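Just below is one structure, and these are the notes that go with it.
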Amino acid sequence: MELAIFIVLMLFSILEFRKRLLFVSFAFVMSASVLYYYRDELLWIWSSPFCNIANLEPSCSGISVNEQSPLIYTNITEPFITTLILVGVSAILLNIPIIYYNIAVFLKPGLYYNEYIVLRLLLTLSFILLFLSLISLYFVIIPTAFKFLMSYSKHDYTPTSLLPQVYTYITSISKFVFLLLISLQLPIITSLISADAKVNLNSDAKANSNATQKSKSRVNQPKSRKLLYFLFLIAATIITPPDVTSQIFVTFGFIAIYEFTNILKAYLFRLNSLVHWL
């Protein structure tokens, strides 16, 4: 009887997951279709930080054949591939609220009311971090980074000109976006891990009072730390260019943010216990 109930619940979960996945896929395809129609305006939005720094706003607004473009294509397939990447990344960012909504709806039947409230809180905080990261990336981080990098293209004794490749520019911005989005989600991930560690702590304390001190250490040092470090390395490998130095820097950046959130969370544990799951 229990096996039949388990099978029915699994089938219900699979059907519900397929329904949510189809809904998200449909929203992605529709938004990508609309964004593809406005691909020229989309390229102008993405290239505005570079154009503003390079003082080439008129060229970026409308480029004719005889004008010098601040961004160039170098092969015949590059415009098509760049457009697909641009539309795909923009569609993913545009559908993040829909993805969050479907995650909450999918997990709601298996959660208690207080757990569902915590899930909504975490998703809301995650969305706020995403929004703030995109704003800071577009208006602060990208202009500052480009201004610093472009300063090395000017030489006193050798005349040089900087003409970035459109594909390289779009892929670099996309990596910046996903790198920052993943980095700012680490506090949310750490909160979930700390919550699981705290639950294990309480259960271990009830089962064996002599293991309390060992369980407390697991709050600051969860068992999944090695797995997270490995996932950080994989994320850095995907995001960064194919060189070891960039991968090491990005990986250590992820680890530093993760450990900082652990230290901050341990400090908050000692201050108060207003939020049970943190």
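The values are calculated or read from the model by the stated rules, or taken from the named source; none is laboratory data. Computed from a prediction, not measured in an experiment: that's the story for all the values here. Cβ: placed from backbone, ideal geometry, glycine included. Neighbour counts: every protein chain shown.
Couple of notes before you dig in:
- Under the condition of being out of contact with any helix residue (DSSP H, G or I) (no Cβ under 8 Å at 6 or more places or on another chain) and either of a type in the set (Gly, Ala, Ser) or assigned to a helix (DSSP H, G or I) (or both), the residues counted in segment 30-54 number 7.
- The one condition in (1) in contact (Cβ under 8 Å) with a residue 60 or more places away in the chain; (2) assigned to a helix (DSSP H, G or I); (3) over 14 Å from the mean Cα position of the chain (by Cα) that Leu163 fails to fulfil: (2)
- Qualifying residue in segment 102-120 (condition: modelled with pLDDT of 90 or more, in contact with a Phe, Trp or Tyr (Cβ under 9 Å, 6 or more places away or on another chain) and either over 20 Å from Leu162 (Cβ atoms) or loosely packed, with under 14 Cβ neighbours inside 10 Å (or both)): yes
- Residue list for segment 1-53, filter: buried (at least 16 other Cβ atoms within 10 Å of the Cβ) and of a type in the set (Gly, Ala, Ser): Ala27, Ser31, Ala32, Ser47, Ser48
- Complete set of residues in segment 84-126 that are outside any helix (DSSP H, G or I) and under 17 Å from Leu35 (Cα atoms): Asn95
- For the criterion of being out of contact with any Lys or Arg (no Cβ under 7 Å at 6 or more places or on another chain) and free of Cβ contacts under 8 Å to residues at least 60 places away in the same chain, Ile76 passes.
Rundown of residues vs (1) β-branched (Val, Ile, Thr); (2) more than 24 Å from Ile173 (Cβ to Cβ); (3) modelled with pLDDT under 85, yes/no style:
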site	(1), (2), (3)
Glu2	no, yes, yes
Phe23	no, yes, no
Phe26	no, yes, no
Ser33	no, no, no
Leu42	no, no, no
Asn55	no, no, yes
Ser69	no, no, yes
